[in-house]
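Notes to accompany the following structure.
The values are calculated or read from the model by the stated rules, or taken from the named source; none is laboratory data. Since we're looking at a predicted model, the values are computed, not measured. Every residue, glycine among them, receives a Cβ derived from its backbone with ideal geometry; neighbour counts consider all protein chains shown.
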Amino acid sequence: MTNREAIQILENSNELLSAQIRRLQGASRAVSPEGVYDTLDYCKAEYEAVRMAIRALEMQCLSERKVKRVSRYYALRIIDTREPKGLFYVIEDGYYIGIDNSTGHANTEAFKTREGCVEWLRDSYKEA
């Protein structure tokens, strides 16, 4: 199983847990048995655990992917179409232009060194 497949499974689980929480909240308003509150607390804890697991897997996926150097044409295409997702850089007029498209927003920043550019790309993803 790939990390992407694992993330998809966790996201599906998260949606199911979220729906269960909403159902239990409705039941607790109508009946309020003690067992419903226990189950609701359990589902909320599971929901949070799944959410954190998704985030950890996304971070792992990114760390396994390399920052990719792209051509000027491809960089403009990424910025224009917001695809593909990932971390990229292009060298333009002696500057390293970082493109953080990990979330589909294509944030850019210019740097004098490749190291500074790569560091920014990796740090910007961690903050997202």
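Consider ARG23 against the criteria (1) at pLDDT below 75; (2) touching a Gly at 6+ places or on another chain (Cβ under 9 Å): it satisfies all of them except one. Which criterion is unmet?
Failed condition: (2).
Within the stretch 70-79, work out how many residues are exposed (fewer than 13 other Cβ atoms within 10 Å of the Cβ) and free of Cβ contacts under 8 Å to residues at least 12 places away in the same chain.
In the first step, residues of the stretch 70-79 are kept if they are exposed (fewer than 13 other Cβ atoms within 10 Å of the Cβ); the result is 71-73.
Next cut, free of Cβ contacts under 8 Å to residues at least 12 places away in the same chain only: 73.
Residues flagged as exposed (fewer than 13 other Cβ atoms within 10 Å of the Cβ) and free of Cβ contacts under 8 Å to residues at least 12 places away in the same chain within the stretch 70-79 amount to 1.
Taking the residues in the stretch 93-120 that are outside any loop (DSSP other than H, G, I, E, B) and out of contact with any strand residue (DSSP E or B) (no Cβ under 6 Å at 6 or more places or on another chain) as candidates, determine which candidate is surrounded by the fewest Cβ atoms within 10 Å (Cβ to Cβ).
Within the stretch 93-120, the first condition is being outside any loop (DSSP other than H, G, I, E, B), and the residues that meet it are 95-100, 107-111, 114-120.
Next cut, out of contact with any strand residue (DSSP E or B) (no Cβ under 6 Å at 6 or more places or on another chain) only: 115-116, 118-119.
Working: GLU115: 10, GLY116: 14, VAL118: 17, GLU119: 14.
So, considering only residues that are outside any loop (DSSP other than H, G, I, E, B) and out of contact with any strand residue (DSSP E or B) (no Cβ under 6 Å at 6 or more places or on another chain), the one surrounded by the fewest Cβ atoms within 10 Å (Cβ to Cβ) is GLU115.
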